Every structure is written in structure tokens, then in C-alpha cells.
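Colleague: Sharing a structure here in C-alpha cells format.
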Amino acid sequence: MIDIVHNLFIGFAGCLQPANLILLVAGTFTGLLVGVLPGLTLVMGVLLALPFTYSMDVTPAIILLTSMYVSGTYGGAFTAILFRIPGEPIHVPFLWDGFAMARQGQAAKALGWTLYAALFGGLLSAVIMILLSQPLATVALTFSTPEYFAIVLFGLTSVVSLGGGSMSNAFISLFAGLLLSTVGVDPTYGAPRFTFGKPIFMNGIEFLTVIVGCYGIGELLTRIQGESNTAPVRASGFVKTSLPGRKEIQRLKVSILRSSILGHVLGIVPGAGATIASFVAYGIEQRFGRMREKLNTGIPEGIVAPQAAATASVGGAMIPLLTLGVPGSGATAVILGALLLHGIQPGPQVFATSTNMIYTVFASLFLGIILMCIFGYFAIRPLVKILDFPESVISVYIMILCFIGAFSIRSSISDLWLMIAFGAVGYLFNRFRFPIAPLVLGAILGPLAETSFMTTMISFQNDWTIFFRRPISGTLMVLTIGTFLIQMIKTRPKSKHSEWE
């Protein structure tokens with residue numbers, strides 16, 4: 001323990017060197033900007049920054065990429081809460097309670113909750129990362145494709161609570177999203193599916209195009225028609241940063257702690273990442289939270305759960321990267337590439353051969369989280385004041401962001417046409433009372449579910465019982481089935497004349 005504290009002090013001293021500190025600030029600020037822009041994911045942002053690290057030493061290079069990674073999990077909360085456009089797939093759950101709070105005149109309060117959740121989840125995860133890196137990495141090695149599929153399936157079952165009272169509409173929306181995720185070349189057998197001979201579909205449909213189209217363009221079309229069931233968000237009077245008080249934090253301490261630990265554990269699992277952590281944390285809150293009946297109406301629990309889990313997943317993802325050389329997420333895969341480019345092979349020996357570098361990275365994670373929250377604190381007021389502009393001006397700004405974000409995904413005009421098409425889908429879903437969230441959930445998690453399921457079937461000779469025979473995956477499958485059945489019982493018709501929805 002004394003050695004850890006000593007090395008960590010050396011790491012903080014390394015971070016506070018002028019060159020490293022400048023890169024830490026630049027990376028944190030850039031990560032926030034990347035998170036705010038719809039379509040430009042934090043993975044893409046870290047990847048675009050990689051070429052700038054070629055001429056750097058390994059320590060400042062990893063500081064830059066790591067600070068971008070952690071702040072990117074927070075930046076997209078601004079657009080999700082204020083404009084109903086998630087800057088990242090991570091922030092889709094913010095639309096259900098965060099945007100609802102903003103419509104109730106509590107935009108600054110909602111952003112304050114995200115800031116607190118990001119700070120607590122990130123710092124707790126960083127502490128766990130330092131203390132338990134090697135033991136937790138050993139546990140993660142026991143995860144295989146059956147466990148990955150069980151985790152994703154557990155995340156997909158949150159659809160039963162996103163249907164706005166209609167389970168049938170929720171499942172129609174979910175299956176539509178899963179169908180969209182199969183468009184393109186089959187990742188297992190290489191056969192084209194649902195392409196209809198059109199080059200635009202050969203590379204598949206990016207889920208970010210679906211998100212930006214359905215939520216951004218779809219909402220604008222709905223407002224143009226005057227059929228939106230959501231009032232425009234307005235900032236009333238003098239707006240200031242509104243952080244939660246001690247009593248409010250005390251009331252939500254269980255939710256924040258539970259979500260932070262869950263996010264850290266899911267971050268350790270290679271391939272899970274912040275998106276799955278965010279969705280699963282929201283789903284857990286829907287099933288076991290004290291205020292689960294009021295979720296999706298604009299309560300803090302629906303904000304702190306996904307944000308704490310998303311930020312906590314960063315510390316978890318760094319564990320298998322540094323101790324095993326196995327990236328826990330897309331962003332850590334880029335960071336792994338940077339380490340290899342600089343001649344550092346992550347693994348058990350790296351703590352002995354590159355101790356100063358490792359603990360400097362640990363320290364940069366602490367400082368990056370604090371800087372992220374400082375920037376976020378001072379950004380809340382000017383961002384909320386944007387709501388004082390006329391709705392027409394905000395609509396144009398949102399439209400421009402949508403087009404820039406959709407084009408930046410693959411630099412393809414085809415994605416712009418697809419975004420417009422999904423904007424029409426979002427408009428129709430709003431008009432006919434179909435929930436959009438399950439559609440987006442299916443598009444995001446569908447490829448992960450398919451890859452894990454197909455790999456498991458190939459590896460275990462099509463034995464589907466493997467999902468129930470392995471301890472971890474079996475437990476998750478039982479929880480998934482149990483919570484699904486409970487939801488069905490809760491939504492069954494009250495009389496024989498009732499229509500089950």
C-alpha cells in the first residue's frame with residue numbers, strides 16, 4: 001500500500017510538468033467537444049488524435065488520449081439534456097429523464113446531477129483501478145462470448161420499460177432496430193444481407209445515423225408540424241449552476257454507488273464499454289431503484305445511474321489494457337495501439353518495467369476527471385442560456401449539428417440521406433406513439449448480441465444450453481427472464497375485455 005501511494009505521488013508530479021499538464025487540459029477540453037458533437041464518438045475522437053502522438057514520448061501521448069477518453073463520456077450529456085440529441089450512444093438514456101427535467105425548467109439541475117455522477121463514478125473507479133487492477137483483471141479473464149451475450153441481452157430487456165405503457169409497440173420498435181443492425185455484410189460468414197444491390201447498404205447502417213436522424217431530425221419535423229408532445233425547453237429568468245445538495249445526494253447515494261460499481265465491473269469486461277454500462281445501469285435502476293415507478297418522467301435517478309456507470313467504465317476498461325494487454329473498449333484499443341507504437345507492451349510486467357509511466361497515467365485519470373467537472377461546471381450556465389434564443393434559431397443550430405455529425409461518421413453523403421430517412425421514421429414513430437428508444441437500443445446492441453451469439457454457437461457446437469450452464473452467464477440469463485416475466489405480469493390486462501399492451 002505504501003508503495004502504491006509513493007508511486008502515485010510520483011505520477012502526480014509527472015502530470016504537473018508543464019508539457020504534460022498542457023496536454024491534459026487540451027485532451028480534457030477536446031474530449032468534451034467531441035462528446036458534444038453528435039456523430040463524432042469518443043472512440044473516433046481518440047482515433048483522430050492518435051497521429052498527433054507519433055512524435056511525442058509515450059507518457060504525454062497516453063495522457064492526451066486518456067484525458068480525451070474520460071471527458072468524452074460526459075460531454076454528450078449537454079446536447080442530450082438540452083436538445084434531445086445524444087452526442088454519444090452512451091447518452092441515449094439521458095433522453096428519458098434528463099430531457100424531461102429540462103422541459104420542466106430544471107435543465108441546470110439535470111446537468112448538475114450529471115456532473116456530480118461523473119465526478120463520483122470516475123473517482124471511485126480510479127481508486128478501484130489502482131487498488132485492484134491485477135485481481136480484477138484475473139476475474140475478467142473468465143468472461144467469454146456466452147457472458148458477453150448474456151450481458152447484452154440483459155441490456156436489451158430494458159426495452160420492456162421503454163414502451164410508454166405499450167409492450168407490443170416497444171417490441172415492434174426493438175425488432176426494427178435489430179433488423180437495421182443486420183443490414184450489410186454478415187460479420188461471421190461474409191454474405192451481404194438486406195443490401196438490395198445498393199452500395200449505400202454494403203457497409204451497414206451506422207447506429208449514430210439512426211440516433212441523429214430519429215432524435216434530431218425527427219423531433220424537428222414533429223415540431224414543424226406542431227404535433228410534438230414535448231414543450232420547448234426554456235431557461236427562465238436568471239440561470240445559474242445548480243448542483244445537488246447534501247440531502248439530495250444522501251437520498252441517491254445507493255443508486256450512485258451501485259451504478260458506479262456496475263460501470264467499473266462492466267468496463268473490465270473486454271468489449272462491453274461505456275455504452276452497455278450506461279444502458280444496463282439504467283435498466284438496473286428501473287428494476288431495483290427506490291423510484292423505479294417514476295423513471296422516464298424526469299427524476300435524478302435516471303440521470304445519475306447511466307452517467308456514473310459510463311464514467312466509471314473508463315477506470316474499469318484501463319485495467320485489462322494495462323495488466324493484460326487486452327483493450328476493454330474501443331477507445332482503449334486505440335490507446336493500446338499508441339502504447340505499442342511507442343514500444344510499450346502492456347501486461348503483468350509493465351508495472352515493473354514502466355512504473356513511472358503507469359502511475360502517471362493513473363494520476364492523469366484523477367486530474368482529468370476533476371478538470372472535466374470544472375469545465376462542465378462553468379459550461380452549464382452559458383449552455384442553459386442558449387435556451388433563451390428563439391426556437392427557430394435553436395432548430396437551425398440543431399439541424400446544422402445533425403448534418404455535421406452525420407457526415408463526420410464516415411464522410412459520406414449517403415449517411416446524410418440515411419439520416420433524413422431516419423428523421424422521417426422518427427417523425428412517424430412520434431406521430432403514431434411508437435417509442436424510439438427501443439429502435440435505437442436494437443441498432444446499438446444488435447451487432448454485439450449477434451457476434452457474441454454466433455461465436456458461442458460455433459465454439460460450443462450449437463449447444464444453446466451453454467448460456468445457462470456457465471455460472472456467470474446463467475445467473476444473468478435467469479435475471480433477464482425473471483425481470484421480463486415480472487414486467488409482463490405488471491402489464492397484463494386487468495379484465496378480459498382489456499387489450500394487452
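Colleague: For a quick check of your reading of the model, give me the residue pairs whose first member lies in segment 389-402 and is more than 18 Å from T209 (Cα to Cα), whose second is modelled with pLDDT under 75, with beta-carbon atoms closer than 6 Å and at least 6 apart or on different chains.
Modeller: E391/P232
Colleague: Can you pull out every residue in segment 287-296 that is within 21 Å of the chain's Cα centre (by Cα) and either at pLDDT 80 or above or of a type outside the set (S, T, N, Q) (or both)? Working first, answer last.
Modeller: To start, the set of residues in segment 287-296 that are within 21 Å of the chain's Cα centre (by Cα) comprises 287-289, 292, 295-296.
Correct list: R287, F288, G289, R292, L295.
Yes or no, residue by residue, for (1) among the hydrophobic types (A, V, I, L, M, F, W, C); (2) at positive phi; (3) modelled with pLDDT under 85:
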site: H6; (1), (2), (3): no, no, yes
site: A13; (1), (2), (3): yes, no, no
site: L21; (1), (2), (3): yes, no, no
site: V25; (1), (2), (3): yes, no, no
site: V36; (1), (2), (3): yes, no, yes
site: V46; (1), (2), (3): yes, no, yes
site: D57; (1), (2), (3): no, no, no
site: L64; (1), (2), (3): yes, no, no
site: F83; (1), (2), (3): yes, no, yes
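Colleague: Sticking with this one: Search segment 447-458 for residues that are at pLDDT below 90 and pair each with any residue that is outside any helix (DSSP H, G or I) and small (G, A, S) when their beta-carbon atoms are under 8 Å apart and the residues are at least 6 apart or on different chains.
Modeller: Pairs found: L448/G271.
Colleague: Only one of these is surrounded by fewer than 16 Cβ atoms within 10 Å (Cβ to Cβ), over 14 Å from the mean Cα position of the chain (by Cα) and more than 26 Å from L124 (Cβ to Cβ): I22, I10. Name it. Walk me through how you get there before you give the answer.
Modeller: Values: I10 fails: more than 26 Å from L124 (Cβ to Cβ).
From the options I22, I10, the qualifying one is I22.
Colleague: Please enumerate the residues belonging to segment 401-420 that are modelled with pLDDT of 80 or more and either over 19 Å from P89 (Cα atoms) or hydroxyl-bearing (S, T, Y) (or both).
Modeller: S412, I413, S414, W417
The values are calculated or read from the model by the stated rules, or taken from the named source; none is laboratory data. Bear in mind the structure is a predicted one, so any value in this text is a computation, not a measurement. Don't worry about glycine lacking a Cβ; one is built from the backbone with ideal geometry, like all the others, and counts go over all protein chains shown.
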